[in-house]
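What follows is a short report on a single structure.
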Protein chains: 2
Amino acid sequence: MKIESVDFFYLSMPEILDIGDGSQDAALVRVRAGGWEGWGECEAAPLPTIAAYVCPMSHSACKPVKASVEGMNLNEPGDIEKISRKVHENSFDLLQADHTLSGIDIALWDLLGKYLNEPVYKLLGYKKAYSKIPYASQLFGDTPEQTYQKALQSKQSGYRAVKFGWGPIGRGTAAMDEAHFKAAREGLGSDRYLMIDIGTCWVEDVTAARERLKVLKEINAYWLEEPFANMALDAYSQLAKSEPRVPLAAGEGCNNFVQAAAMISHAGLQFVQIDTGRVGGITAAKRVADLAAKKGVTYVNHTFTSHLALSASLQPYVGLKEDIICEYPVEPKQLALDITTGHIALNKSGEVAVPEKPGLGVDINVKALKPYLVETDIFIKGKRVYSTPDL
Amino acid sequence: MKIESVDFFYLSMPEILDIGDGSQDAALVRVRAGGWEGWGECEAAPLPTIAAYVCPMSHSACKPVKASVEGMNLNEPGDIEKISRKVHENSFDLLQADHTLSGIDIALWDLLGKYLNEPVYKLLGYKKAYSKIPYASQLFGDTPEQTYQKALQSKQSGYRAVKFGWGPIGRGTAAMDEAHFKAAREGLGSDRYLMIDIGTCWVEDVTAARERLKVLKEINAYWLEEPFANMALDAYSQLAKSEPRVPLAAGEGCNNFVQAAAMISHAGLQFVQIDTGRVGGITAAKRVADLAAKKGVTYVNHTFTSHLALSASLQPYVGLKEDIICEYPVEPKQLALDITTGHIALNKSGEVAVPEKPGLGVDINVKALKPYLVETDIFIKGKRVYSTPDL
């Protein structure tokens, strides 16, 4: 088959709130080849992501992503890897290219899985998919009381693991953060996994992070996530060696394999978190999973949006039996829910299993998405280079 | 003063060739505040860079760059650092943001220098600017004979240092590369500095790089530049330890301080090359220069475009006496030459000195740029969010 078309759709909730919730809009990708269709999602700002697909060439290493995709062969997994390499070769000076590639790569795997009648994880070389313990991923409340209520609710919903992140954390005093951390543990009870996500608030400030280690240890935090900016290797490795020891998790900001490899090798992480919608897709994510397994670092997906993104983010490590935890978005916006017709529900053990269906095993709810379409047009020298395609 | 306006201009040669020449188009930035004007240049794909400035917010950490710039105070250097931090805080999930910020940050320093009547390097804390030995930066010829002729010409032009890069290198056999390397040295003679730039062709392939070390040593390469993808720390550090030892240079692909810091700490580099138009501007570049000096790694600018970019790329390290080499574009396209009215010529010693004038010390040739303007329009839901501003 040859790749016949790649279409980007900018979708959005009617209103975007200034909160740490990445499910408020979406950059959806549809790829067609040989009568088949695959879907992917970039976890990225839609307009720059589309621009990186259609922009004019700047020079030989700054080409639009389009130049490395359309018309390419698609018959086997090696063809997708070839496209991934070609995008890097042709567009490594186009910063946004990795985010654009991510959704395309996911759609290519989905399409190929359907064509070859196999779930993506099997095409990746895994024999079996292991179900994962989902952690409910949610934002801290505005007050410790709200955080407590949210934790209590998560506990009552039966989640064995819960992550709190963003919101007011890291923006005020250590005492304020402490109150939220303790409220989360109190609401959750002592027998659940509790993860804390700082959302990079401390940037490179190791001292601020160290001030919170004691309470994080006290509440038995399963991990401390993204205390610093992505790739701030020195800050991470200093914190990793600080007492009391709290396991570190990070990596969602990596936009390619080599960055994730750098985090695995030099940041002192115990968990590497990969967003398939940012790292360059399933191809890059699988390489990270292989390396993490080799280096004894636990792989975890980063997913805060749709169940298309969820399936795509699980496939790269679903065959790793030891890596038991997965992120599971519990309070996504309606848009994210509406992207697929069905959803990846928890099984009887309260765990998450990827669909045992060809491709990513989720169906796109095309009809439901129309109201979310953000009509977008880009003109260069009066010529239309992008216009929202028909859904 | 308050920042009143930030305008992006997409400029391009009439035809863009599929060669490794980044001077074929430009993303120029004009900032206005308090009756003053500053100019900057992003070394980046113009359309995605503009899109990252004007796109709608996706969530609290994925805002358009615009949200952190317009209306902000601009009275002293600390204000620019504040804007830089704000962009990272508000846009760290928007990959292209660093490239967009780069040109803005440069324009802010230019404006502030004019307002405070000081060259930028003085605002950065340097007492004195040291002139640098320029290396002529050019592409390999298509054949070894062409490379030889180019080298001969560079020698006759009086350059003490010459870098060859890109073109056919790394795309064929080791023997073909060897012929080019030797032709470059032969044309140049034995008494000039010769640098070799692979343009990341070997991606992560340490074996390919090792195969060329012997001849690189033979031709006395001053450095081997970008054998691998930016941030491929493992590949770099393995090569750095390989015999025969050839000094490594890299870093131009870093789009923020922490990435450059990672390269300095973990890649085994002897030279770190920073493009002010990509790394987040002069603010981030100065931090890299400080760290490099502390760690005994030599800082070198990466500049392949205009003399606006050249001045901006020199300011962050022009006060470091020991770091004697600078990149000097010798064959830029006419567009790059037309961006400024004057040019930073070599002084009597054949060296490059930054202009001892307020700001970046170069004047924009506004009139000359009009024919290069690429009229661009972006509409979201029928509303124009970007249109080429008046020059």
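Here the condition is being at pLDDT 95 or above, of a type outside the set (F, W, Y) and over 25 Å from B:P168 (Cα atoms); of A:V31, A:V65, A:V87, A:V69, it holds for A:V31 alone. Annotation note: of A:R287, A:R278, the sole residue that is within 24 Å of A:Q259 (Cβ to Cβ) and part of a loop (DSSP other than H, G, I, E, B) is A:R278.
Applying the condition of being out of contact with any Leu (no Cβ under 8 Å at 6 or more places or on another chain) and within 14 Å of chain B (Cβ to nearest Cβ) to the range A:258-274 and asking which residue is nearest to A:D98 (Cα to Cα) yields A:Q259. Is one or more of the residues making up the range B:267-276 under 23 Å from B:G158 (Cβ atoms), β-branched (V, I, T), modelled with pLDDT of 95 or more and not assigned by TED's automatic domain parsing to the domain that holds B:A26? No, because not a single residue in the range B:267-276 is under 23 Å from B:G158 (Cβ atoms), β-branched (V, I, T), modelled with pLDDT of 95 or more and not assigned by TED's automatic domain parsing to the domain that holds B:A26. Give me the residue from the range B:156-192 that is part of a loop (DSSP other than H, G, I, E, B) and closer than 25 Å to A:E89 by Cα and, out of that set, farthest from the chain's Cα centre (by Cα). In this case the residue turns out to be B:T173.
Scan the range B:93-103 and tell me whether some residue there is closer than 22 Å to B:Y317 by Cβ and of a type in the set (V, I, T).
The answer is no, given that none of the residues of the range B:93-103 is closer than 22 Å to B:Y317 by Cβ and of a type in the set (V, I, T).
Picking from residues in the range A:338-370 that are farther than 23 Å from A:P46 by Cβ and among the β-branched types (V, I, T), the one that is farthest from the other protein chains (Cβ to nearest Cβ) is A:V354.
Any chance you could count how many residues in the range B:199-233 are within 14 Å of chain A (Cβ to nearest Cβ), in a loop (DSSP other than H, G, I, E, B) and not aromatic (F, W, Y)? The qualifying residues number 12.
For the range B:85-127, a tally of residues being surrounded by fewer than 24 Cβ atoms within 10 Å (Cβ to Cβ) and of a type in the set (S, T, N, Q) returns 2. If you go through the range A:333-368 and pick out every residue that is within 18 Å of A:F304 (Cα to Cα) and not β-branched (V, I, T), you end up with 13.
Here the strands (runs of 3 or more DSSP E) wholly within the range B:1-120 that include at least 2 residues being at the interface with chain A (Cβ under 10 Å from one of its Cβ atoms) and in contact (Cβ under 8 Å) with a residue 60 or more places away in the chain are B:3-12, B:25-33. Taking residues in the range B:151-167 that are buried (at least 17 other Cβ atoms within 10 Å of the Cβ), and partners anywhere that are part of a strand (DSSP E or B) and at pLDDT below 90, the pairs with Cβ atoms closer than 6 Å and at least 6 places apart or on different chains are B:S154/B:A136; B:Y159/B:A136; B:V162/B:A136; B:K163/B:S137; B:W166/B:L139; B:G167/B:L139. Checked against the criterion of being within 23 Å of A:G22 (Cα to Cα), touching a helix residue (DSSP H, G or I) at 6+ places or on another chain (Cβ under 8 Å) and more than 13 Å from chain B (Cβ to nearest Cβ), the range A:371-385 contains not a single residue that satisfies it.
Which members of the range A:307-327 meet the condition of being farther than 22 Å from A:S349 by Cα and part of a loop (DSSP other than H, G, I, E, B)? The answer is none; no residue qualifies.
Taken residue by residue, the range A:209-227 has no member that is in contact with a Cys (Cβ under 9 Å, 6 or more places away or on another chain) and either over 27 Å from A:K132 (Cα atoms) or assigned by TED's automatic domain parsing to the domain that holds A:G20 (or both).
Which ones in the range A:280-300 are out of contact with any Pro (no Cβ under 8 Å at 6 or more places or on another chain) and closer than 16 Å to A:D323 by Cβ? The answer is A:R287, A:D290, A:L291, A:A292, A:A293, A:K294, A:K295, A:G296, A:V297, A:T298, A:V300. As for the range A:297-304, it holds no residue that is over 22 Å from A:G251 (Cβ atoms), crowded, with 16+ Cβ neighbours inside 10 Å, over 17 Å from the mean Cα position of the chain (by Cα) and away from every other protein chain (no Cβ under 12 Å).
Within the set B:V272, B:V215, B:V203, the sole residue that is more than 17 Å from the chain's Cα centre (by Cα), of a type in the set (A, V, I, L, M) and within 26 Å of A:A284 (Cβ to Cβ) turns out to be B:V203. Candidates are the residues of the range B:234-257 that are closer than 24 Å to B:T303 by Cβ and polar (S, T, N, Q); the one that is nearest to the other protein chains (Cβ to nearest Cβ) is B:N255. When the test is whether a residue is among the aliphatic types (A, V, I, L, M) and part of a strand (DSSP E or B), B:V354 does not pass it. Determine, yes or no, whether A:F164 is in contact with a Leu (Cβ under 8 Å, 6 or more places away or on another chain), aromatic (F, W, Y) and over 25 Å from A:L346 (Cβ atoms). Answer is no for this residue.
Tell me, please, whether a residue that is closer than 30 Å to B:I50 by Cβ and not polar (S, T, N, Q) can be found in the range A:337-346. There is at least one residue in the range A:337-346 that is closer than 30 Å to B:I50 by Cβ and not polar (S, T, N, Q). In this structure, A:I196 qualifies as touching a helix residue (DSSP H, G or I) at 6+ places or on another chain (Cβ under 8 Å) and either modelled with pLDDT under 95 or assigned to a strand (DSSP E or B) (or both).
The values are calculated or read from the model by the stated rules, or taken from the named source; none is laboratory data. Remember, it's a predicted structure, so these values are computed and weren't measured experimentally. Virtual Cβ from ideal backbone geometry, glycine too; neighbours counted across all protein chains shown.
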